[in-house]
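Student: Take this structure, written in structure tokens, and hold onto it; I'll ask about it next.
The values are calculated or read from the model by the stated rules, or taken from the named source; none is laboratory data. A quick note: this is a predicted structure, and the numbers were derived from the prediction, not measured. So basically every Cβ, Gly included, is an ideal-geometry build from the backbone, and we count neighbours across all protein chains shown. With ligands, DNA and RNA removed, areas are computed over all heavy atoms of the protein, side chains included. Shrake-Rupley method; radii C 1.70, N 1.55, O 1.52, S 1.80 Å.
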Amino acid sequence: MAESPQRIAPAPEAVDSGDEATPGTKPAGEDRVFTRWERLQISVASWVGYLAVRLVGPSLRWETIGWEHYEAARRLGKSLLFAFWHCEIFPATWFWRKRGIVVMASQNFDGEYIARIIQMHGYGVARGSSSRRASRALVEMIRAVRKGREAAFTLDGPRGPRHVAKPGVVLLAKATGAPILCFHIVPRRAWVLRRSWDRTEIPHPFTRATIFIAPPILVSPEAGEEEQASKLREVQEALDGLVKQGEARKDKG
């Protein structure tokens, strides 16, 4: 079993951006006006979510499969672009914590408290989504990655369709040269929020959690539309393959 990456490869230090906005430094929800009741709900949800991750996370017993792919990606000497499914936010937040990874968060109600939770665990946030202000958020992420930060995408967020990859991570890889590292987390036992569009999984305390990591995917800076589409299919296939590995391992018990 490989150790958690916090012990192997510490996050690059944040670089002062001068007059430029650094992801995660703006007040969450700056462009969205919430009612007083919504602000109260967001505040409560943020602290409940933070404490849940903080209490359950240390109890998880981790196993990694494909850790050599993470090490291969690190040897490329570039920042990493992590790609995973939205339903895995809870365990992923703990596993990759305190690395300064920049994550795109939507500006709706759910995105607001999720952004606050991950910020409390040491992440940066670029505000946007697949449907609103995504271009601005992507520019923030490009600047951050070029300055040495790492980034992460929930590829089917913020509203699905579930397990269908969107092209943001490919565009970021093309713009920065950073490799895409797909991963998938499978807790042995978990509560599944079946009414949520992504069927969010919250691991049981003390359960075993397995993280599967695929080989890094590179996108050429000169990639045209056809090559970008091909790379997106490669990302989709990599994640689909990891999901199948996870299902097979779960079936074996």
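Student: So which residues in segment 72-113 are among the acidic types (Asp, Glu) and over 12 Å from the mean Cα position of the chain (by Cα), if there are any at all?
Tutor: 110, 112
Student: Does residue 48 meet the test of being over 15 Å from the mean Cα position of the chain (by Cα) and surrounded by fewer than 19 Cβ atoms within 10 Å (Cβ to Cβ)?
Tutor: yes
Student: Are there any strands (runs of 3 or more DSSP E) wholly within segment 158-218 with 1 or more residues that are aromatic (Phe, Trp, Tyr), open to solvent by 10 Å² or more (accessible area, probe 1.4 Å) and without any contact (Cβ under 8 Å) to a residue 24 or more places away in the chain, and if so which?
Tutor: Ranges flagged: 190-192.
Student: Given the criteria open to solvent by 40 Å² or more (accessible area, probe 1.4 Å), of a type in the set (A, V, I, L, M, F, W, C) and within 19 Å of residue 103 (Cβ to Cβ), does residue 142 qualify?
Tutor: no
Student: Turning to a different aspect of this structure: Assess whether residue 246 counts as being assigned to a helix (DSSP H, G or I) and surrounded by fewer than 20 Cβ atoms within 10 Å (Cβ to Cβ).
Tutor: Taking the combined requirement at face value, the residue satisfies it.
Student: Let me ask another. Would you check which residues across segment 51-83 are closer than 13 Å to residue 118 by Cβ and either touching a strand residue (DSSP E or B) at 6+ places or on another chain (Cβ under 6 Å) or open to solvent by less than 20 Å² (accessible area, probe 1.4 Å) (or both) and list them?
Tutor: Across segment 51-83, the qualifying residues are 53, 57, 82.
Student: Does residue 148 qualify as being without any contact (Cβ under 8 Å) to a residue 60 or more places away in the chain, open to solvent by less than 40 Å² (accessible area, probe 1.4 Å) and under 20 Å from the mean Cα position of the chain (by Cα)?
Tutor: Answer is no for this residue.
Student: Here is a further query. Go through (1) surrounded by fewer than 20 Cβ atoms within 10 Å (Cβ to Cβ); (2) modelled with pLDDT of 95 or more; (3) in a loop (DSSP other than H, G, I, E, B) for residue 15 and report which single condition fails.
Tutor: Answer for residue 15: the failing condition is (2).
Student: Name the one entry in 229, 238 that is closer than 23 Å to residue 154 by Cβ, in a helix (DSSP H, G or I), open to solvent by less than 40 Å² (accessible area, probe 1.4 Å) and in contact with a Pro (Cβ under 9 Å, 6 or more places away or on another chain).
Tutor: 238
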